[in-house]
Structure formats: C-alpha cells, structure tokens
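Report on the following structure.
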Amino acid sequence: MTPNTDNTDLNIPLFERAKALIPGGVNSPVRAFKAVGGTPRFVKRARGAYFWDANDQRFIDYIGSWGPMILGHGHPAVLEAVQQAALEGLSFGAPTERELELAEAILHLLPSMQMIRLVSSGTEAGMSAIRLARGATGRSKLIKFEGCYHGHADALLVKAGSGLATFGNATSAGVPAEVVQHTLVLEYNSIEQLERAFALHGKELACLIIEPIAGNMNLVRASVPFMRRCRELCSEYGALLVLDEVMTGFRVAPGGAQSLYARDIPGFQPDLTVLGKVIGGGMPLAAFGGSRALMEHLAPLGAVYQAGTLSGNPVATACGLATLRAIGQPGFFAALSARTRALVEGLRGAAAAEGVAFSADSEGGMFGFFLLPALPRNYAQVLQTDSARFNQLFHGLLERGIYIAPALYEAGFVSAAHSDEDIAVTVAAAREVFKTLAKP
C-alpha cells in the first residue's frame, strides 16, 4: 500500500470520530497528544521496529506498546505460537498446562519468587500484591514514592507519575480521601525521608512499593544506597518490600532490575514482585509472586481473595512463553543493551554538538532522556524539564518518522528488531531537531 500523498491527514477524521465515542479520543491517557499538541497517530499495522499510521507513513517505533514488544512487532515465533493457541481455543476458564510452563519459566529467572499468580494487567497485579501484603501482615499503611506509577488502583493514585504527571494532577478525582489515608508518599531516592517514615509508622506499614528503575517519570534509577536502605528498613520493621517490575521485568536484564541491585547489595531480594508487559509479549498478561509462605495467603488456600475470569488466558500465555523463550537465547540481552546504549550515546553526542542541555541513561532495552544538564534523581527534578522544548523535539522527530512517547514523563524502549541503521537515522533526525532547539 502506498503512502497517502494528497496532503490529507487521515488521522484527523479518525481522531474526530474517536473523540465523539471515547473520552479524549483514546483508551489510555498516555496515547493522547494533549500534552504535546496535535493529532495522535492511528496505527494500521506494525512489523519489526516500525509501525504505519492511517496515512501509511512509516515510523521507527520507540514505545513498543509501552515496553512489551522487546522482540519487535510480529516476531515469527510469537505469531506462530499465538496462532496455534487461538486455534485450540480463546479462553476456557479452567487450568491449562501452558500456565504452568509460563510460571516455571518466570520462576526460573527470578529466584526471589517461589510461587506466582497470573493476572491480566499491571494494575491488577499491583493492586493484588498490596492486598496480599496487607492480608499477610495484618497492617494497613503503605509507602510509595513521588513519580512512581503502580497502576490506577485507588490507593496508589497519589503523585503517581505517568499520565497523571503529564496532566499535572497530584492525584485523581473520584478517589475518596479515606481510601488514600493509609498511603504515605515519599521523595524518590531520599534516605532521610525514608528513615523518618519508618521511625514514625514502621510498625503500621504493610509494605513499601517501588519501581526500582522508574519509567513513569521518564527513566530515573533508585540509587544503590537508597535501595539497600529500603530493604534494611522493611526487614527491620516487618514490612514487605514490593518491587514493581511491570516495566523492568525481563526488559532491563534476564533477572529483572532486582538482579542488577543484587550485584551491589549482597543477598538482596524483594518480598513480592509485580510483573507485566514483556511477560505477555504484547497480550494482556501480568503477574505477581513471592515466597511460598506469602503466596499461600491467597485464595483458595488463604483468606486474601483475588480472582480473574481471563487470568492465565491460553492465547496470552502462549504469546508470553514464546517471548520469554526468544529473549532467553544466548547473547540476546548483550546485543539489546549495546544497541540501546548506541542510541543514548548518539543522542548525547548530537545534543552536545548543537549546544543543547541534554542527559540520558539506559539499561537493557529501556532508555530515558531529559533536556537537562544532569540526570534527575527524583520527581521534583524531573519537573524542571522545559516541556515546551520537549514538545518541539517530539514534533520534530515525529515529522521525520521517529515515534517517541508523546510526554516527557515516559521512558522509551528499543527492541531486538531495531537495526544499526534505525539508530543512525534516529540520531541524525535528532541532531536536525536539536539545531532548532539551540536557537534562542
């Protein structure tokens, strides 16, 4: 199919139809262009590192369905697995052997988990992990951090980053004050606040939940001393350490972000881990898991109720299992990490050449950048980014066929399908745009 050449943007009438039917014209706020202006691109198809919009314009895709497409779009082994599973049945509401195979594959890679429960979304997994923590400890309070997003469960929509950060809301309408009264929100990477919170509330805390490498205020790492203190204080006060690895799980390393911290913190392990995105390979699938003693608090064995009609869906598990098998091949993560670093280093060089303040970081196939001279360490520092200049960068790249997140608060993703040429084209396009940003 040839690209549309009559100067009519076919995305516009689609967006008008969408706005009449769907709030904001999108089914998830992060897809909106409200923060950057303009019209969202309506995707017709995707393959490898690219997608094509309603005009049949091709874009190099750096969101990858917000992280799951680590192999790129339409990987042959994944498509074959999904097609075969669909022929066998779309949903049964009963156990399947493939659920066990996926569970075994995940537990093999994450030694902190002895049992796992499959669900359908990251929000569901995070919400369930917190309910489990409260049920297992008999406590109510929890700690989260500014700029960390753990799904849209009511108790977690407090200074949550992601789409909420984009639209400048500290929380969400529709969440009663009494629902969040047990949620303590601290500054990311502040050991001082962390110690003070535990000193005041430690015996009431069910859990501390954290993105170890936050991807919902762009990419901000928890420092090793900070993560070490999180583990120490949780152990000291009997609270559970919950790592939200929905984004980082099998995206930054074969053993997730927790394996990276374990290199510097002897014996480091979370009590519970929340997973999503990559483990579903692009299908709706997520999970949470931990020790056998903790997980046996879940129904039908224990008193903590959790259920889902489509949990462990046979097509989703086929997709996820094929994805995990592919990324488990020798050298996969070394190659993915190298390509992501090449992108980040290229962008740094292009910005420096044009005199643009710029900082960037990456881990595995995940990256983030800021129009700031140094990498931020917390949400307040992220907010110092000039949003108008980011919007200019976003649209400049979009015009050149490069698709990054339409919000400065979102991390980006490189897949195994991105080529050296894709990286070079992206860096060259960025330098062209940086030339315009450098002008007064």
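Its Cα centre serving as origin, the range 76-327 has a Cβ charge dipole (Lys and Arg +1, Asp and Glu -1) of approximately 320 debye.
With no solvent and one equal point scatterer placed on each C-alpha of the range 255-322, evaluate the Debye formula and give log10 I(q)/I(0) for q = 0.11, 0.16, 0.18 Å⁻¹, two decimals. Cα-only, vacuum Debye calculation for the range 255-322: -0.36, -0.72, -0.86. Here the peptides 390-402, 131-143 are ranked by packing, the mean other Cβ count within 10 Å, and the order with the highest first is 131-143, 390-402. Relative to the longest principal axis of the Cα atoms of the chain, the long axis of helix 76-88 lies at roughly 60 degrees.
Computed over the alpha-carbon pairs of the range 76-327, the distance histogram in 5 Å steps reads 1, 7, 14, 18, 19, 17, 12, 7, 3, 1, 0, 0 percent, short to long. Projecting the Cα positions of I106, T39, A293 onto the charge dipole of the chain (unit charges on Cβ atoms of Lys, Arg, Asp and Glu, taken about the Cα centre) puts T39 furthest along the positive direction. Per-residue Karplus couplings for the range 131-141, computed as 6.51 cos²θ - 1.76 cosθ + 1.60 with θ equal to phi - 60°, are listed in order as 4, 5, 4, 5, x, 6, 9, x, 10, 10, 6 Hz, Gly and Pro entered as x.
Listed peptides 241-250, 64-73, 102-111, 82-91 appear in the order 241-250, 64-73, 102-111, 82-91 once ranked by packing, highest mean of other Cβ atoms within 10 Å at the front.
Counting every other Cβ atom within 10 Å of each residue's Cβ, T183, T8 order from fewest to most as T8, T183. Highest-first packing order for the peptide set 349-356, 262-269, 336-343, 215-222 is 215-222, 336-343, 349-356, 262-269, based on the mean count of other beta carbon atoms within 10 Å. Per-residue Cβ neighbour counts within 10 Å put R47, R431 in the sequence R47, R431, beginning with the fewest. Under 1.5 on a/c is rounded, so check that first for the range 182-265, then, if it is not, pick prolate when a/b is larger than b/c and oblate when it is not; a ≥ b ≥ c are the square roots of the alpha carbon gyration tensor eigenvalues. Judged from the Cα gyration tensor, the range 182-265 comes out prolate (a/c at least 1.5, a/b above b/c).
Computed on the range 76-327, with alpha-carbon pairs under 8 angstrom and 6+ residues apart, the relative contact order is 30 percent. Beta bridges assigned by DSSP with both partners in the chain are antiparallel in approximately 55 percent of cases. One Cα centroid belongs to the range 276-346, the other to the range 387-440; the line between them spans 29 Å.
For the chain, what's the relative contact order in percent, using C-alpha pairs closer than 8 Å and at least 6 residues apart? Taking the mean separation of contacting Cα pairs over the length of the chain, I get 22 percent. Magnitude of the charge dipole for the chain, about its Cα centre and with charges confined to Cβ atoms of Lys, Arg (+1) and Asp, Glu (-1), is about 400 debye.
Read the figures in this text as sums done on the coordinates, not as results from a lab. This is a predicted model, so every value here is computed, not measured. Cβ sites come from the backbone with ideal geometry, for glycine too, and all protein chains shown count toward neighbours.
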